[in-house]
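I have placed the structure first, in the form of structure tokens, so that the comments after it can refer back to it.
Derivation of every value follows stated rules applied to the coordinates shown; laboratory data play no part. In this text the structure is predicted, and so the values were computed from the model without any measurement. So basically every Cβ, Gly included, is an ideal-geometry build from the backbone, and we count neighbours across all protein chains shown.
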Amino acid sequence: MYPTPIQDRPLPVRVAYRVVLYVAIVAWIAPLIAIVMTAIRAQSDLLAGNYWGMPQHFALFENFREIFAGSPMGMFFLNSVVVTVTTVISVLVLSTLAAVGLAKYPFPGRTFIFSMFIAGNFVPYQILMIPVRGIVLSLGLYDSIWALIIFHTAFQTGFATLFLRNFVVALPNELFEAARLEGASELTIIWRIIVPLLRPALAGLSVLVFTFVWNDYFWALVLVQSDAAKPLTLGLAGLKGEWLTAWNLISAGSLAAALPPVALFFLTQKHFVAGLTVGAVKS
């Protein structure tokens with residue numbers, strides 16, 4: 001009924017499995033290794049064709065200092081922090097309220113609204129580029145941080161609501177009824193009862209949304225033009241020169257851009273894993 005565990009398979013199958021696994025791991029981490037090897041080099045090393053050998057000079061800290069002191073990378077970084085943190089907080093608040101409403105409050109059209117949340121996750125976002133850009137222009141939000149915040153919040157709330165609703169449905173209705181008998185308001189029930197129970201799910205969702213928004217390049221390219229509103233992903237692309245590209249600086253900037261999502265994951269790893277696996281094993 002169940003597949004045979006790999007450790008119980010014949011020796012040739014186990015060997016082939018390990019070979020394929022190791023090849024896949026190397027293929028996956030090879031670009032990351034290339035970025036790190038480039039980030040620690042000076043520009044002279046790259047111009048001399050020394051891509052994979054030992055660098056003549058360990059220049060990682062010099063590259064970091066140059067990229068933040070000689071370019072608006074600090075402003076790009078701050079823009080990404082503002083956009084991402086504001087979006088994550090807005091998405092968590094709106095999706096929690098929407099998930100509770102769709103899961104625990106019967107009202108006409110609830111199934112249709114929930115189906116719209118599901119359908120929205122299957123719409124290719126590329127086809128929304130022209131109408132979204134038109135809406136932004138009509139609202140006077142083009143080339144501003146608020147354009148990114150509002151539309152990231154709108155796009156991520158659908159997925160977040162679908163994600164959280166499954167957790168809210170599993171909560172017993174007796175919790176809500178007992179709280180109402182004690183005189184608690186609906187917002188008090190959500191804040192005092194539901195949110196603490198959803199903490200693992202909210203932690204996992206915050207990591208996912210943070211990663212999606214922080215790494216976004218498409219909507220930044222569509223909605224932002226000036227350096228004052230560019231996030232880090234778009235700012236890194238702007239470091240590419242017309243005649244010569246300092247790949248060591250771009251690689252160093254890429255490492256700096258990758259640090260916040262990685263740090264957030266390790267800080268919330270326990271809650272993240274619990275949020276994704278809760279309910280996977282039936283007690």
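Observations, loosely collected:
- Tilt relative to the chain, helix 73-104 - C-alpha long axis, 0 to 90 degrees, to 10: 20 degrees
- For segment 145-241, GluC sites (Glu not before Pro) meeting the loop criterion (DSSP other than H, G, I, E, B) and having at most 10 other Cβ atoms within 10 Å: 182.
- Sparse-neighbour loop sites [chymotrypsin sites (Phe, Trp or Tyr not before Pro); segment 208-270; at most 15 other C-beta within 10 Å; DSSP]: 217, 243
- Distance between the modelled labels on residue 13 and residue 225, one decimal in nanometres: 6.1 nm (7 Å Cα→Cβ projection).
- FRET E, pair residue 33, residue 75, Förster distance 35 Å, beta-carbon r, rounded to 0.05: 0.75
- FRET efficiency, 1/(1 + (r/R0)^6) with R0 22 Å, evaluated for residue 89 and residue 266 via beta carbons: 0.60
- Using θ = phi - 60° in the Karplus curve 6.51 cos²θ - 1.76 cosθ + 1.60, the 3J(HN,Hα) couplings for segment 264-270 round to 4, 4, 5, 5, 10, 4, 4 Hz; x is entered for Gly and Pro.
- Here the dipole of the chain is about 680 debye; that uses its Cα centre as origin and unit charges on the Cβ of Lys and Arg (positive) and Asp and Glu (negative).
- Translational diffusion of the chain, estimated by Stokes-Einstein from the Kirkwood radius over alpha carbon pairs at 20 °C in a medium of 1.002 mPa s, is 96 µm² per second.
- Relative to the longest principal axis of the Cα atoms of the chain, helix 145-169 runs at roughly 50 degrees.
- Here r is the Cβ-Cβ distance between residue 130 and residue 211 and R0 is 41 Å; the resulting FRET efficiency, rounded to 0.05, is 0.95.
- Shape category assigned to segment 1-138 from the gyration tensor of Cα positions, a/c cut at 1.5: oblate
- Sequence-distant aspartates and glutamates (8 or more away, or on other chains) whose Cα lies within less than 15 Å of residue 104: 174, 177, 186
- Chymotrypsin sites (Phe, Trp or Tyr not before Pro) restricted to DSSP loop in segment 65-135 with at most 13 other C-beta within 10 Å: 122
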